[in-house]
Amino acid sequence: MIGRKSSRRPDEVVEDDGPRGFDDFALRLGDVMRGERATMGKSLLDVQRELRIKASYIAAIENCDPSAFDTPGFIAGYVRSYARYLGMDPDECFQEFCAESGFSVAHGMSENASTIRKPNYTKTEAPRPAARDPFAEPRMPFVPAGDSLLSRIEPGAVASMLVLVALIGGIGYGGWAVLREVQRVQLAPVDQTPVVLSELDPLDGAVAPVAEEGSGEDAVAQADGAGAFSPPGAEALDRLYRPQALDVPVLVARDAPISSLDPATVGVFAQRGTVPPAPVAAPDGSERQLAQLQPVAPQIGTGAQMTLVAVRPAWVRVRGDDGSVLFERVMDAGDTWAVPAGQTDPKLNVGESGAVYFAVNGQTYGPAGPTGTVTRDLSLQPDLIAAAYTPADATRDTDLQRVMDDLTQFAVAQPQGEPGQPKVLEDSAPGVTMIAVRTAWVRVRAADGSVIYEATMRAGDTFALPSTEDPATLRVGESGAVYFAVNGQTYGPAGDTGAVTSNLALSVDNLTSSYQVADIARDADLERVVAELNNGATVTD
């Protein structure tokens with residue numbers, strides 16, 4: 001009957017209110033994978049860095065969502081790689097993924113395996129919802145929701161920032177105020193007149209003249225401004241700002257041209273206590289006059305006198321008969337010291353034995369000992385030295401040869417009070433002198449290779465070769481500018497103009513046989529140099 005309710009009741013559903021266990025719930029693949037990943041302590045970004053698989057793909061595998069993949073052909077590899085990373089069975093995981101998501105493996109050459117599947121909606125079919133973003137909707141209820149920007153700001157932090165800004169502003173304002181106060185200049189009146197104004201001349205008569213009585217309005221106009229202070233006139237201002245005349249510098253003329261000054265006699269390098277001997281003329285008149293000679297070297301080994309000769313730097317100490325120190329110093333190469341005649345048995349101590357020789361009775365003995373050794377308490381009696389040491393061999397010590405050459409070169413013989421002449425060679429032995437008529441570079445080497453003389457000779461310069469056992473050799477940069485004076489004759493030049501002469505033996509026989517007597521008429525510079533030398537030479541009887 002219509003409107004009549006049926007008396008039959010539907011079968012009531014019997015609900016089981018008993019307790020449930022873990023096995024009563026359905027366990028999905030995504031839950032197992034998320035649990036394993038949480039056990040390893042890895043996040044989606046950690047898995048992305050280690051497996052090189054996008055985090056969105058990892059989330060899609062855990063959610064069994066094949067639509068999140070761009071290429072379905074790679075899904076099987078992604079699922080197996082992720083299962084292997086979690087320590088699970090790759091094949092079993094992939095089967096469960098296919099069962100839960102409805103994914104099936106397509107053929108490798110099919111369209112579904114190589115292209116992105118696009119939704120194909122029909123007019124009667126409702127569009128499917130867009131793919132879910134796993135980061136925006138992770139479907140994990142235990143993950144807290146994101147906080148807003150304002151919720152992260154604490155009121156206490158805002159107050160601290162305001163206090164800090166106020167403190168910085170106060171410090172900046174205080175510093176600016178102190179700097180402004182320091183730079184402020186304050187002028188205060190003083191009772192004492194400034195020194196500059198007190199030293200000025202009085203301005204009497206410099207003020208404006210006072211008009212005479214009865215001048216009327218003109219006088220009042222002229223006296224405008226006069227009263228307690230009268231402005232200074234033009235004369236006062238002119239005297240105040242007039243520049244003072246400067247002192248005229250005093251110029252003192254030099255006593256001679258600078259080219260004629262000799263450093264050996266003037267200035268710091270002047271040799272004090274020595275008197276230069278008189279100028280000496282050359283034997284043939286072709287050598288340049290010697291303006292000054294070196295101080296006369298002491299005669300070494302005259303009579304029975306003992307003389308110490310140093311060929312290299314060495315420390316020397318000599319004690320007398322009573323033990324007192326007679327001589328103590330560091331002797332340089334070429335230094336000599338004669339033992340006083342009143343000492344009978346002086347003692348010698350030497351720090352470098354190989355650098356000290358002895359001159360006794362015109363003979364050189366030594367050295368005092370081997371090189372690098374120390375000699376102590378050596379008796380300096382002439383007889384003992386002559387008996388204990390052999391005559392020195394100059395060929396075995398080049399320093400000894402050089403020192404003896406220097407001493408003999410500047411030794412001076414003074415017979416009958418006449419001015420001494422430099423003794424270059426032994427008596428009756430001819431000498432060789434080089435003469436430069438133009439600028440030329442010259443180098444003279446001894447037989448052992450040591451350089452005896454090296455300089456750029458100017459026009460008129462001369463150089464006398466020292467006495468050596470073997471002839472020295474000459475190298476000239478400008479051969480046509482150098483001549484040789486031998487036995488009163490001038491030979492040369494050394495070579496053609498502009499040529500270089502090397503290894504020329506400077507012996508008398510070689511020069512006289514290799515060169516002819518110079519013709520003054522063929523070289524104007526030679527004629528001029530010879531004339532200057534002859535005009536300045538002093539002929540001795």
Go through the residues of the stretch 461-478 one by one and say whether even a single one is more than 22 Å from D406 (Cβ to Cβ), of a type in the set (A, V, I, L, M) and touching a Pro at 6+ places or on another chain (Cβ under 8 Å).
no
Taking the stretch 306-325 as the search range and keeping residues that are under 14 Å from S379 (Cα atoms) and surrounded by 17 or more Cβ atoms within 10 Å (Cβ to Cβ), which one is modelled with the lowest pLDDT?
M306
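What are the residues in the stretch 377-390 that are loosely packed, with under 12 Cβ neighbours inside 10 Å and either in contact (Cβ under 8 Å) with a residue 40 or more places away in the chain or not small (G, A, S) (or both), if any?
Of all residues in the stretch 377-390, those loosely packed, with under 12 Cβ neighbours inside 10 Å come to 377, 383, 387, 390.
Those that are loosely packed, with under 12 Cβ neighbours inside 10 Å and either in contact (Cβ under 8 Å) with a residue 40 or more places away in the chain or not small (G, A, S) (or both): D377, D383, T390.
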Residues that are at pLDDT below 90, of a type in the set (F, W, Y) and outside the structural domain of E532 (by TED's automatic domain parsing): does the stretch 335-351 have at least one?
yes
Residue that is farthest from the chain's Cα centre (by Cα) [pool: residues in the stretch 352-373 that are in contact (Cβ under 8 Å) with a residue 24 or more places away in the chain and surrounded by fewer than 16 Cβ atoms within 10 Å (Cβ to Cβ)]:
N361
Taking interchain pairs and intrachain pairs at least six residues apart, which have beta carbon atoms under 8 angstrom, with the first residue in the stretch 522-533 and among the β-branched types (V, I, T) and the second part of a helix (DSSP H, G or I)?
V530/I520
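Which residues, taken from the stretch 1-43, are over 17 Å from F97 (Cβ atoms), assigned to a helix (DSSP H, G or I) and either acidic (D, E) or modelled with pLDDT of 90 or more (or both)?
Filtering the stretch 1-43 down to residues over 17 Å from F97 (Cβ atoms) leaves 1-25, 38-43.
Right, trim to assigned to a helix (DSSP H, G or I) and you get 22-24, 38-40.
D23, D24, A38, T39, M40, listed by residue number.
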Within the stretch 442-541, strands (runs of 3 or more DSSP E) holding 2 or more residues that are of a type in the set (A, V, I, L, M, F, W, C)
451-457, 462-464, 473-476, 482-486, 501-505
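Each row is one residue, and each column tells you yes or no for (1) modelled with pLDDT of 85 or more; (2) among the hydrophobic types (A, V, I, L, M, F, W, C); (3) within 15 Å of S467 (Cα to Cα).
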| residue | (1), (2), (3) |
| --- | --- |
| D377 | yes, no, no |
| Q381 | yes, no, no |
| I385 | yes, yes, no |
| A392 | yes, yes, no |
| T398 | yes, no, yes |
| Q401 | yes, no, yes |
| Q414 | no, no, no |
| P419 | no, no, no |
| V432 | yes, yes, yes |
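The values are calculated or read from the model by the stated rules, or taken from the named source; none is laboratory data. Model, not experiment: these values are computed from the prediction. Reconstructed Cβ throughout: ideal geometry from the backbone, glycine too, with neighbour counts over all protein chains shown.
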